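Data block below; observations after.
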Amino acid sequence: GAVVSQHPSWVICKSGTSVKIECRSLDFQATTMFWYRQFPKQSLMLMATSNEGSKATYEQGVEKDKFLINHASLTLSTLTVTSAHPEDSSFYICSAGGGGRMETQYFGPGTRLLVL
Amino acid sequence: GENVGLHLPTLSVQEGDNSIINCAYSNSASDYFIWYKQESGKGPQFIIDIRSNMDKRQGQRVTVLLNKTVKHLSLQIAATQPGDSAVYFCAENGPGGADGLTFGKGTHLIIQP
């Protein structure tokens, strides 16, 4: 399957700071990437769809000004958690696919964020 | 799919036995379904997928069954091994033409030696 990487794998930050998470597709080009959030012992929740060269599409209830997404190239999407607070602590996972509704999505290893 | 609850359903199976994990999906318009395996602290790993024009699909040691009438999906794992211990999620493609996936609650599969 396709390989998706994330960086960093974990981050600890103080409340009020901003954190940037990178998602890269290593062996294919991804016009669309997705960002999910997962709280302990719960399922993945889609946050937003990242589109190369255009604005991201956010799911209902997700603040676009708090979770900034940039998809500058076909292999890189970034998620910036601005002014992070303890309730933003979670496991953030990205996925990428070749495009289209039937295309399998491959997930990155996730980024564990802890906001103190 | 819903994402509520602090405790995942758990299925405990003896090593070597077969296991069946079930999933109910919510959107009758969904036409693509995937099973993922997630180990602790890692991202979901693709296992097998199925399109709505099929009822059954087989992979290596795994079989996915789709019953569109009752909106039910199942994953069968044959001859379970210790490495099969993980949380298993079903996912469906989103409504309205969105490509983001909607995940089920997940089932924690425990393989006992």
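Within 10 Å of each Cβ in B:44-52, how many Cβ atoms from other chains are there, averaged over the peptide?
3
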Place a point 7 Å from the Cα of A:Leu116 in the direction of its beta carbon; the residues of segment A:1-23 whose amide N falls under 17 Å from it are A:10-19
If you filter segment A:1-88 for GluC sites (Glu not before Pro), then keep DSSP loop positions with at most 14 other Cβ within 10 Å, what is left?
A:Glu63
At R0 = 41 Å, FRET efficiency that the Cβ-Cβ distance of A:Val3 and B:Val70 yields, to 0.05:
0.65
Mind checking which aspartates and glutamates have their C-alpha under 15 Å from A:Lys55, skipping anything on the same chain fewer than 8 residues away?
A:Glu63, A:Asp65
Sequence gap at least 6, Cα distance under 8 Å: using those rules, report the relative contact order of segment B:31-73 to the nearest whole percent.
28 percent
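Could you work out the mean count of beta carbons from other protein chains within 10 Å of each residue's beta carbon in B:36-43? Please report the intermediate quantities before stating the final value.
Details: counts 4, 0, 6, 0, 0, 6, 7, 15.
Mean number of neighbouring Cβ atoms from other chains: 5.
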Kindly point out, ordered by number, any Cys in chain A whose beta-carbon has no other cysteine beta-carbon under 4.7 Å away.
A:Cys13
Given a 1.4 Å probe and no ligands, DNA or RNA in the count, how much accessible surface is buried by B and A, both sides, to the nearest 100 Å²?
2100 Å²
Given the C-alpha centroids of segment B:33-111 and segment A:1-77, what is the distance between them in whole angstrom?
22 Å
Longest span of chain A, sites excluded, free of trypsin sites (Lys or Arg not before Pro) in DSSP loop with at most 15 other C-beta atoms within 10 Å?
A:67-100
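What does the charge add up to near B:Pro82, with Lys and Arg as +1, Asp and Glu as -1, over the other residues with Cβ less than 13 Å from its Cβ?
Net charge around B:Pro82: -4.
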Tell me the relative contact order for chain B as a rounded percent, counting alpha carbon contacts under 8 Å between residues six or more apart.
38 percent
If I histogram all Cα-Cα distances within segment A:39-116 using bins 5 Å wide from 0, what percent of pairs lands in each bin?
3, 13, 23, 28, 20, 9, 3, 0
Per-residue Cβ counts within 10 Å, from other chains only, averaged over B:101-113: what number is that?
2
Note down the relative contact order for segment A:42-116 as a percent, whole number, built from C-alpha pairs under 8 angstrom at least six residues apart.
21 percent
Proximal lysines relative to B:Lys37, as straight alpha-carbon distance under 29 Å, when same-chain residues fewer than 8 apart are discounted:
A:Lys20, A:Lys41, B:Lys56, B:Lys68, B:Lys71, B:Lys105
Keeping all protein chains in position, work out how much accessible area B:Ile48 exposes to a 1.4 Å probe, and write it in Å² to the nearest 10.
10 Å²
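The values are calculated or read from the model by the stated rules, or taken from the named source; none is laboratory data. Quantities reported herein were computed from a predicted structural model and do not represent experimental measurements. Heads up, the Cβs are rebuilt from the backbone with ideal geometry, glycines too, and the neighbour counts pull from every protein chain shown. Just so you know, the surface numbers come from the protein's heavy atoms only, side chains and all, with ligands and any DNA or RNA stripped out. Shrake-Rupley method; radii C 1.70, N 1.55, O 1.52, S 1.80 Å.
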